[in-house]
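Just so it is clear, none of the values below were taken in a lab; they were calculated from the coordinates. If you're wondering where the values come from, they're calculated on a predicted model, not measured in any experiment. Here the Cβ is made from the backbone with ideal geometry for all residues, glycine too, and neighbour counts use every protein chain on show.
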Amino acid sequence: METYSKEMIEEAKDKIKLLIDIVHNLEDVFKGRHFTLDGHLVGSIGEVMAVYYYGISLYEASAPVHDGKSPDGREVQIKITQADSILIGDSPDYLIAFHMDRETGDIEEIYNGPGAVPFTKAYHYQKHNNRYMRVSMLCKEDKKVVESERIPMLHKIKKYQINLQKARNINKKTTITGYINKNQQKNLGIIGNKGTLKGQRLYKMCCMNCGFEYEANGCDIWLRRCPSCQNK
Ligand SMILES: [Zn+2]
């Protein structure tokens, strides 16, 4: 079993903070462009953390469904997100999901338990064979996991506490970028084009359940439902 030392993990955390600084620098210079850390880079951070905190033995990078095995032989899918949802691929035996803070790089455990429940409750995304699950829902599911169904920790990792109030309504104003309405529809910001109603502007909206993006009049943001997954 390959293990990583505390020093190696501390170094990784320092490097992550550097990366976040670089992202901020680039975004300062190139206004309006996003240099989001994602893809393999963030996925590998999650895997490295899983080795350290739970003693997971990682499979080959291309292995399907599961990313590794726990010391007691349970197969685990490892996920990490900086956003409001995670993507679950296939139905894993066990799921460990981390949250990485966009500003601080802090990594915390969102979920540790059987994979079947989150997978069945996640939303199917039309285009891919992947499912999205809201971090808030995953936090709720985590509370139901019995201790024997958790992958034991080798090192203590903090549990991610979702701040719903903060996530939902820093500002009550629905036209503020980042506002999330009661249907979990997020305002991604003004597009600038005239809306379909007189005097209205169009905003880009994103469904936090399935990731679908669409446009809405400013006055409709508070009540919009996802045209893809809530259109019933
Ligand atoms: Zn949706």
Radius 11 Å from Cβ of residue 133, net charge of other residues (Lys, Arg +1; Asp, Glu -1) | +3
If you place +1 on the Cβ of every Lys and Arg, -1 on the Cβ of every Asp and Glu, and leave all else neutral, what size is the dipole of the stretch 165-223 about its Cα centre, to the nearest 20 Debye?
-> 260 debye
Per-residue ³J(HN,Hα) for the stretch 53-68, Karplus 6.51 cos²θ - 1.76 cosθ + 1.60, θ = phi - 60°, Hz, x for Gly and Pro | 7, 10, x, 5, 8, 7, 7, 3, 4, 9, 4, x, 6, 9, 9, x
Could you give the length gained on full extension between residue 24 and residue 116, defined as 0.36 nm per residue of separation minus the Cα-Cα distance, in nm?
-> 29.4 nm
Could you tell me which of 195, 185, 174 has its Cα farthest along the dipole of the stretch 165-223 towards the positive end, charges placed at Cβ (Lys, Arg +1; Asp, Glu -1), taken about the Cα centre?
-> 174
In terms of Cα to Cα distance under 18 Å, which lysines are near enough to residue 182, apart from those fewer than 8 places away along the same chain?
-> 140, 166, 172, 173, 204, 232
Counting Lys and Arg as +1 and Asp and Glu as -1 over every other residue whose Cβ sits under 9 Å from the Cβ of residue 77, the net charge comes to -3
Rank by packing, highest mean first: peptides 206-212, 175-181, 94-100, with packing defined as the count of other Cβ atoms within 10 Å averaged across residues.
-> 94-100, 206-212, 175-181
R0 = 25 Å: FRET efficiency of residue 63 with residue 103, Cβ-based, nearest 0.05?
-> 0.20
Free-by-geometry Cys in the chain, Cβ-Cβ under 4.7 Å as pairing rule, reported as 139, 206, 219
Taking Cα pairs closer than 8 Å and at least 6 residues apart, the relative contact order of the stretch 6-149 in percent is 16 percent
If you place +1 on the Cβ of every Lys and Arg, -1 on the Cβ of every Asp and Glu, and leave all else neutral, what size is the dipole of the chain about its Cα centre, to the nearest 20 Debye?
-> 1680 debye
Based on the Cα gyration tensor of the stretch 165-223, what are the three equivalent ellipsoid semi-axes, each the root of five times an eigenvalue, rounded to whole Å and given largest first?
-> 18, 13, 9
222 nm [θ] for the chain, helices only, -39500 (n - 2.57) per DSSP H run of 4+, per residue, to 500?
-> -8000 deg cm²/dmol
Counting other Cβ atoms within 10 Å, which GluC sites (Glu not before Pro) in the stretch 53-113 have at most 14 and lie in a DSSP loop?
-> 60, 103
Computed lengthening from residue 215 to residue 4, 0.36 nm per intervening residue step minus Cα-Cα distance = 71.4 nm
With only alpha-carbon atoms counted, please give the Rg and Dmax of the chain, in Å.
-> 19.1, 64
Among the lysines, which have Cα under 20 Å from the Cα of residue 69 when same-chain residues fewer than 8 positions away are ignored?
-> 79, 156
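What number comes out for the charge environment of residue 48, summing +1 per Lys or Arg and -1 per Asp or Glu over other residues with Cβ under 14 Å away?
-3
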Beta bridges per DSSP with both ends in the stretch 6-149, % antiparallel, nearest 5 = 75 percent
